[in-house]
Amino acid sequence: MRSLALAVILCSVLPLSYAACWFQQAEPGDGIKQCLYTKDGTWHAIGSRWRTSDCMDCSCLDNGEMSCCDAYSTPKRFPSDCIMEFDQKACQYNVFKKSDSSIPCPIYSSVGK
């Protein structure tokens, strides 16, 4: 029974290991009205959501904390005659034939988002 409980816990924690999210604590002080996205120095109002230039979906929470997660999923399984390439403008991976980039490939599994 103990082994079953451990297996359930490990299976529920495994997906979290692929999560590409981070949180930033608010600076102590009164009257927090904005969050600072330190990677590009931009300020965002409490309650706002935005997509960053490095493909993160962020939120400025009511308490001044900020959370950001990858805005894309990363392909993990696809045919061996295919390659993946990240499209920074679309914030997504494209998977296509090595021999012809105009031919898309199926993605069997991915992680994130």
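For the stretch 15-33, the criterion of being part of a loop (DSSP other than H, G, I, E, B), modelled with pLDDT under 90 and open to solvent by less than 50 Å² (accessible area, probe 1.4 Å) is satisfied by at least one residue. Among what's in the stretch 51-102 and is of a type in the set (Phe, Trp, Tyr) and within 13 Å of the chain's Cα centre (by Cα), pick the residue that is farthest from residue 26 (Cα to Cα). In this case the residue turns out to be 93.
Does residue 80 satisfy the criteria of being open to solvent by 70 Å² or more (accessible area, probe 1.4 Å) and farther than 28 Å from residue 23 by Cβ?
yes
In summary, strands (runs of 3 or more DSSP E) completely within the stretch 34-86 and bearing 3 or more residues that are in contact with a Cys (Cβ under 8 Å, 6 or more places away or on another chain) occur at 34-37, 42-45, 49-51, 56-60, 66-70.
Within the stretch 38-56, the presence of a residue that is buried (at least 17 other Cβ atoms within 10 Å of the Cβ), on the phi < 0 side of the Ramachandran plot and acidic (Asp, Glu) is excluded.
Scanning the stretch 87-109 for residues that are open to solvent by 50 Å² or more (accessible area, probe 1.4 Å) and either assigned to a loop (DSSP other than H, G, I, E, B) or in contact (Cβ under 8 Å) with a residue 40 or more places away in the chain (or both) returns 88, 89, 98, 99, 100, 101, 102, 103, 106, 107, 108.
The values are calculated or read from the model by the stated rules, or taken from the named source; none is laboratory data. Computed from a predicted model, the values in this text were never measured in an experiment. So basically every Cβ, Gly included, is an ideal-geometry build from the backbone, and we count neighbours across all protein chains shown. Heads up: the accessible areas ignore ligands, DNA and RNA and are worked out on the full protein's heavy atoms, side chains in. Shrake-Rupley method; radii C 1.70, N 1.55, O 1.52, S 1.80 Å.
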